[in-house]
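The values are calculated or read from the model by the stated rules, or taken from the named source; none is laboratory data. In this text, all values refer to a predicted model and were calculated from it rather than measured experimentally. Neighbour counts run over all protein chains shown; Cβ positions are idealised from the backbone, glycine included. Remember, those area values only see protein heavy atoms, side chains included, never the ligands or the DNA or RNA. Shrake-Rupley method; radii C 1.70, N 1.55, O 1.52, S 1.80 Å.
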Amino acid sequence: MAAQQIIRALTNAVIPSDVAAFWQDHLAPMKSAEPRGRLIAITPASARAITLTIEPNRAFTGFRAGQHITISTRVNGAWVARSYSPRLVSGATSGAFQITVQRVANGRFSQWAHDAASIGDWLKLSDAYGDLALPENNAAVMMLAAGSGITPFLSLLQSTPLQRNTSLQYWVKTPEDACHLDELLALQTREPNFHFTIHSTQIGERLNASHLTDCVAGTEIMACGPAGFIATATSLASAQSLRLQSEAFSLPMIVSDATQMVSITLARSGKVVQVASGAALLPALEAQGIALASGCRRGICNTCACSKRQGISENIITQMRDDGDNPGLRLCISSARSDLTLDL
């Protein structure tokens, strides 16, 4: 055994792994065995959004264009995690990538990024997740983006030569809210196969059937935005028999019954709390002071998944109910429809 391995083995025998990880994160986060990233630039993306450029350490395994990663930072001593769609920095040799962060009222990560983030800050990074991808054939693509739903499309547009007919329609409240607008306009000027249109919802330009009239046979629709936007895109694509890929960055409107309370038993701690029937479990448990790991908060990353031992739960998105054991109940998109026992 090499001397370095002997020293490492002796160190691990004396210092618990969690303690070693704590000090490594504080003293040398870029050498951590866990994915970490260092903030190396902060630049404007729109009137209400900024771009953070992050240099990852060697433990970060990268991402595919269109995927998401969960990024965590400490805010007032507590970890705050949010999901973002990254894209590589052109020409960077260090694997640096960028995320775009819009200012969100009461958004803890958003407020930290806009008001407190500094060059040199380090962040926790998750493995990449998500299935949004360009079709493998050369079919025409129409991208429909609303608000921050533009970010996975920026990565996809960067990832491959624009040889297919590609159009991007982008809905924002006002043109000043559009992220990376100069970049998109320049891309349209430079690439004959790329067509870009911006729509302002402030003057009533909402997604409707007229926006899909130019689709030729075989066009694939790709949509990213809030739940209501995705529901409209799904209906329009179905009416024209067009294939659709979509990702919603918010959940559908949740109807909970505050007059009907159910008991949630946390098997590991023995704690029992009361929540409203139909309410999303993740925020309902957090409101009871229970700290839980989370990431995307929309059912993609599985960070908040736990085992359900008994009770009836309901998927908020599909309205499907599950009355048996579930080893991977995603708390962010599940509600309780009876008393539950969770492995927490």
When every residue in segment 56-83 that is of a type in the set (D, E, K, R) and closer than 17 Å to Asp115 by Cβ is compared, the one most open to solvent (accessible area, probe 1.4 Å) is Arg74
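Just to check your reading of the model, which residue among Met253, Met261 is among the hydrophobic types (A, V, I, L, M, F, W, C), assigned to a strand (DSSP E or B), over 19 Å from Leu134 (Cβ atoms) and open to solvent by 60 Å² or more (accessible area, probe 1.4 Å)?
Working: Met253 fails: assigned to a strand (DSSP E or B).
Being among the hydrophobic types (A, V, I, L, M, F, W, C), assigned to a strand (DSSP E or B), over 19 Å from Leu134 (Cβ atoms) and open to solvent by 60 Å² or more (accessible area, probe 1.4 Å) holds for just one of Met253, Met261, which is Met261.
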Residue pairs within 6 Å by beta carbon, gap of at least six or interchain, first lying in segment 287-299 and in a loop (DSSP other than H, G, I, E, B), second of a type in the set (S, T, N, Q) and open to solvent by 40 Å² or more (accessible area, probe 1.4 Å), listed first then second, are Ala293/Thr303; Ser294/Thr303; Gly295/Thr303
Can you find even one residue in segment 236-246 that is more than 30 Å from Ile150 (Cβ to Cβ) and open to solvent by 20 Å² or more (accessible area, probe 1.4 Å)? no
Sole miss for Asp131 among (1) within 30 Å of His211 (Cβ to Cβ); (2) part of a strand (DSSP E or B) is condition (2)
Among the residues of segment 316-343, the number that are open to solvent by 30 Å² or more (accessible area, probe 1.4 Å) and in contact with a helix residue (DSSP H, G or I) (Cβ under 7 Å, 6 or more places away or on another chain) is 1
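Is it the case, given these coordinates, that Pro35 is in contact with a strand residue (DSSP E or B) (Cβ under 8 Å, 6 or more places away or on another chain), over 17 Å from Thr100 (Cβ atoms) and either of a type outside the set (A, V, I, L, M) or buried (at least 16 other Cβ atoms within 10 Å of the Cβ) (or both)? Before the answer, list the steps.
Numbers: in contact with a strand residue (DSSP E or B) (Cβ under 8 Å, 6 or more places away or on another chain): yes; over 17 Å from Thr100 (Cβ atoms): yes; either of a type outside the set (A, V, I, L, M) or buried (at least 16 other Cβ atoms within 10 Å of the Cβ) (or both): yes.
Yes; evaluated as a whole, the condition is true for this residue.
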All-but-one check, Ser83 against (1) small (Gly, Ala, Ser); (2) in a strand (DSSP E or B); (3) more than 22 Å from Glu34 (Cα to Cα), failing number (3)
Within segment 44-68, residues closer than 20 Å to Ser90 by Cβ and either free of Cβ contacts under 8 Å to residues at least 40 places away in the same chain or β-branched (Val, Ile, Thr) (or both) come out as Pro44, Ile50, Thr51, Thr53, Ile54
> Can you spot a residue in segment 214-226 that is assigned to a loop (DSSP other than H, G, I, E, B), closer than 21 Å to Arg164 by Cβ, of a type outside the set (S, T, N, Q) and under 26 Å from the mean Cα position of the chain (by Cα)?
Replying inline: no
Note on segment 113-129: residues crowded, with 16+ Cβ neighbours inside 10 Å, over 21 Å from Gly147 (Cβ atoms) and under 14 Å from the mean Cα position of the chain (by Cα) are Leu125, Ser126, Ala128
Picked from segment 288-314 (must be polar (S, T, N, Q) and out of contact with any Ser or Thr (no Cβ under 6 Å at 6 or more places or on another chain)), the residue nearest to Thr259 (Cα to Cα) is Gln288
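If you check Thr53, Thr43, which single one turns out to be modelled with pLDDT of 95 or more and buried (at least 17 other Cβ atoms within 10 Å of the Cβ)? It would help to see each step written out before you state the result.
Numbers: Thr43 fails: buried (at least 17 other Cβ atoms within 10 Å of the Cβ).
Matching residue, one of Thr53, Thr43: Thr53.
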With criteria (1) assigned to a strand (DSSP E or B); (2) out of contact with any helix residue (DSSP H, G or I) (no Cβ under 9 Å at 6 or more places or on another chain); (3) touching a residue at least 40 places away in the same chain (Cβ under 8 Å), Ser269 comes up short on (1)
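Which members of segment 45-75 meet the condition of being closer than 18 Å to Val104 by Cα and either touching a helix residue (DSSP H, G or I) at 6+ places or on another chain (Cβ under 8 Å) or not in a strand (DSSP E or B) (or both)?
Our first condition is that a residue be closer than 18 Å to Val104 by Cα; within segment 45-75, this holds for 45-52, 70-75.
Across segment 45-75, the qualifying residues are Ser46, Ala47, Arg48, Ala49, Ile50, Leu52, Ile71, Thr73, Val75.
Across segment 84-112, which residue is surrounded by the most Cβ atoms within 10 Å (Cβ to Cβ) among those that are of a type in the set (Gly, Ala, Ser) and over 17 Å from Thr43 (Cα atoms)?
First, the residues of segment 84-112 that are of a type in the set (Gly, Ala, Ser): 85, 90-92, 94-96, 105, 107, 110.
Keeping just the survivors that are over 17 Å from Thr43 (Cα atoms) gives 91, 94-95, 105, 107.
Details: Gly91: 6, Ser94: 11, Gly95: 17, Ala105: 6, Gly107: 15.
Checked segment 84-112; the qualifying residue surrounded by the most Cβ atoms within 10 Å (Cβ to Cβ) is Gly95.
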All conditions in (1) modelled with pLDDT of 90 or more; (2) out of contact with any strand residue (DSSP E or B) (no Cβ under 8 Å at 6 or more places or on another chain); (3) over 30 Å from Gly77 (Cβ atoms) are true of Arg309 except (2)
Residue hits (segment 230-245; closer than 13 Å to Met143 by Cα and either touching a Lys or Arg at 6+ places or on another chain (Cβ under 8 Å) or among the hydrophobic types (A, V, I, L, M, F, W, C) (or both)) are Ile230, Ala233, Ala237, Leu242, Leu244
